[in-house]
Structure formats: C-alpha cells, structure tokens
Amino acid sequence: MKPQDLTQIKEMPEINQSALEDQLVVFTLDELSYALLLPTVVRVIHAVEVRRIPKAPEIISGIINVQGQIIPVVDIRKRFGLAVRETDPDDRMIIADTGKRKVAMFVDTVTGIKDLATRQFVNSKKVLPFAEHLRGVAKIDNELILIYDLEQFLSLDEEKELEQVLKKKNN
C-alpha cells in the first residue's frame, strides 16, 4: 500500500484505528470468508434450535436461550442475499455484541482468529460504497475476507421492531 493510501485510511473518522490492528474471528458462509472484530465476539457455540417469535423483523430468525439470557438470532444469509439452507449439525453460532444488544448468527464454520494489520485493510466505503453492512475488506494469507459491521446490521426500523417484540416476550 502506498504511504498516501495509509494516510487516507488514518484520516477517515469512521475507522477506529485500534480496530484496524485488532484480530478477526473468521467464519464462512457458502465457502466465502467473512469476519467480525474479535472484541465484538462473545462466544462461539454449536448450532441450537431457534424459537420463532411472531411479529419479529424479517431479518430475525427467532431467539435462543444462552445461560438464561434471551438472544435474538439474526439471519446473516438473508442480509447478504445468500441462498437459504437447512441448519447442519456441524454449523456454529457466533454470539456477538452489537453495542446495543447481543445477537446470535448461524455460520457454516468458524475458521479461526487472524491478525489484522492496517496495511491489510481497505475501508468498504472507499471501494464498495454499496456494501452497507461491511466495514471493510482484508487480504490475509492471500484470502479476501469481508469484515462485517455489526453496528450497521439492523436498520433503525428493524431495531425498533425487535425491541418491541422482545419487550412483549419478556412480559
């Protein structure tokens, strides 16, 4: 990467510089690699049964109970326009913290944790301005990894709908 490119990335206000040098939890969906910033990942569990909830936003598959905590399950496949498929017993669920709430998502596999250096990261707003749910793209070990932006996953309307449904569920 050219020095001026690095300067442009450092000057972008929406990029947290410490996040650029963080580690990523890499997972796959249909053999494509995606990632979440490690600090947002709470835990990885085996796939479990999801309980459907009426009137939830379309992007919400249902809820799960993890150690007494009710966690909404988001359909990451639907959000990314990937084909729907049946859950496999070998699938995993990543439980992550969006900053507003914990959410769970089904993934095909979790391939591991990778180090992310600034020079490996390209802001998605710069190269993929239409990719509203991605934070950026990283090239690590000759593999392109799409870094998912948890904070942008739910729209404001979806967030409000989910909040109302969860309040009713807890009452």
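In this structure the amide hydrogen of VAL42, modeled in the peptide plane, comes within under 5 Å of the amide hydrogens of ILE95, ALA96, ASP97, none closer than 5 places in sequence on its chain. Using 0.36 nm per residue and subtracting the Cα-Cα separation, the extra length available between ARG43 and ILE70 on full extension is 8.3 nm. Pairs from the list LYS55/LYS100; LYS78/LYS102; LYS114/LYS160; LYS55/LYS102; LYS114/LYS139; LYS55/LYS78 with a Cα-Cα gap above 22 Å: LYS114/LYS160. Label zone of GLU158 (point 7 Å out along Cα→Cβ, amide N under 13 Å): in segment 76-90 this covers 76-82.
Read-outs throughout are calculated quantities, based only on the coordinates presented, and are distinct from any laboratory measurement. Small disclaimer: the values here were computed from a predicted structure and weren't measured. Glycine also receives a Cβ, built like all others from the backbone with ideal geometry; neighbour counts cover every protein chain displayed.
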